[in-house]
Amino acid sequence: MLAHIRSLLYVPARKPEMLRKIGRLGADFYIVDLEDGIGPEHKNSARQIVADVHAEGALPAEGWALRINAERSAWIDADLELTSAVNPPAVVLPKAEDPQEVARRAATLQNDALLLMLETAAGVGRARELAAHPSVRGLVYGSADLRRSLGARPDASRAWERHAMSEILLAARMHGCAAIDAVTFQFRDLDALADDAKIARDLGFDGKSCIHPAQLETVHRVFSSSEEELAWARRVHEAWEREEGERRGVIVVDGEMIEALHVDVARRILERAPR
Ligand code: COA
Ligand code: MG
């Protein structure tokens, strides 16, 4: 469900028109938000908007998730009621910290696809245990909450958060989950967005969270393979076939030693061709 997700767009359940655009704004995946994108006085109306747009049949069958409020919040019961009425393709649990709580929640939800937001010291610290539940398909990093949780000061090189990002990535890869980077909040600054996205991509993340449709093109470009990478991957594949790499174990392409593992890398590059 979350394979090859480059972008994940938050759509706050603030206006029905916004929710009706889900599936048509060009994002690879959408999160309908009831949590921090919706102020306390708008929580009830947000739920009603989701229920109404769902009743219209305007929400697609796939490609989106509902982000409910945190377990210990005042809104969780009403959010769960809405979740069982709407039965979204996936549910996002914010501020995930407790593996037992995740297991309990997974058991009560109808669908078995969960995305966890890892965005607190406790959540990042227990990332591997949290990702181990079979319903968890993706880990979404939340930098604003983590910054608050750690008391860190952000910097352009993302030094303050790289350790946490790598913890999340390791947990995701250990358990076959997608790993999605946090939002870049200066949504009109596409250069800053590209810089942030490249850091996440180079660490191994699959994609990035977005808050505005204008961010999607940049994020898709960064998380797609470049022409140079694609040309290398094609040369490796062709040579592997031609020179019977499978049988020989090792071949040489352009002065570079190639083993089966490099062919896997090449396959991943080809899977991420621009689309
Ligand atoms: N999802 C869907 N549509 C969106 C959107 C989003 N996240 N962000 C903007 N749009 C739409 C607007 O509705 C508007 O549509 P219209 O032309 O049909 O009226 C169009 O894109 C242009 O919007 P713009 O005027 O550039 O943005 P804005 O200044 O009104 O809003 C934000 C900026 C950041 C407030 C808004 O993008 C937003 O609410 N983003 C999501 C925030 C969120 O979910 N936060 C929680 C997770 S961190
Ligand atoms: Mg958050």
Q: Kindly rank 164-173, 264-273 from highest to lowest mean number of other beta carbons found within 10 Å of each residue.
A: 164-173, 264-273
Q: Provide Rg over Rh for the range 131-249; use the alpha carbon set for both Rg and the Kirkwood Rh (inverse mean inverse pair distance).
A: 1.08
Q: Starting from the Cα gyration tensor of the range 58-107, take the square roots of the eigenvalues, sort them a ≥ b ≥ c, and report rounded, prolate or oblate (rounded when a/c is under 1.5, otherwise prolate if a/b is larger than b/c, else oblate).
A: prolate
Q.
Could you give each residue of the range 127-132 its phi-based ³J(HN,Hα) in whole Hz, using Karplus coefficients 6.51, -1.76, 1.60 with θ = phi - 60°, and x for Gly or Pro?
A. 3, 5, 5, 5, 6, 6
**Q.** Principal-axis tilt of helix 43-55 within the chain, Cα atoms, nearest 10 degrees
**A.** 70
Q.
What whole-number distance in Å separates the alpha-carbon centres of the range 19-50 and the range 151-219?
A. 21
Q.
With +1 on the Cβ of every Lys and Arg and -1 on the Cβ of every Asp and Glu, and nothing else charged, how large is the dipole of the range 116-259 about its Cα centre, in debye rounded to the nearest 20?
A. 640
Q. So how long is each side of the range 227-271 along the principal axes, counting just the alpha-carbon atoms, biggest first, in Å?
A. 28, 19, 15
Q) Pairing the Cα long axis of helix 227-242 with the longest principal axis of the chain, what angle in degrees results, from 0 to 90 and rounded to the nearest 10? A) 50
Q: Could you run the Karplus curve 6.51 cos²θ - 1.76 cosθ + 1.60 with θ = phi - 60° over the range 4-21 and give me ³J(HN,Hα) per residue in whole Hz, x for Gly and Pro?
A: 6, 7, 8, 9, 9, 9, 6, 10, x, 7, 9, 9, x, 4, 5, 5, 5, 8
Q. To one decimal place, what orientation-averaged projected area in nm² is obtained for the convex hull of the Cα set of the range 7-223?
A. 10.8
(Q) Excluding same-chain pairs closer than 8 in sequence, count the lysine pairs in the chain whose Cα atoms lie under 24 Å apart. (A) 7
Q: Note the angle between two axes, namely the Cα long axis of helix 159-174 and the longest principal axis of the Cα atoms of the chain, as a number of degrees from 0 to 90, rounded to the nearest 10.
A: 80
Q. Roughly speaking, what % of Cα-Cα pairs in the range 87-192 are separated by over 24 Å, rounded to a whole number?
A. 24
**Q.** 10 Å-binned pair-distance histogram of the range 1-116 (Cα, whole percent)
**A.** 14, 50, 32, 4
Q | Residue list for the range 189-212, given a label point 7 angstrom along the Cα-to-Cβ vector of SER166 and an amide N cut-off under 13 Å | A | 203-204
Q. Which of rounded, prolate, oblate describes the range 78-140, given a ≥ b ≥ c as roots of the alpha-carbon gyration tensor eigenvalues and a/c under 1.5 marking rounded, otherwise prolate only if a/b is larger than b/c?
A. prolate
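Just so you know, all these numbers are worked out from the coordinates, no wet-lab data involved. Quantities reported herein were computed from a predicted structural model and do not represent experimental measurements. Positions of Cβ are backbone-derived with ideal geometry, glycine not excepted, and every protein chain shown enters the neighbour counts.
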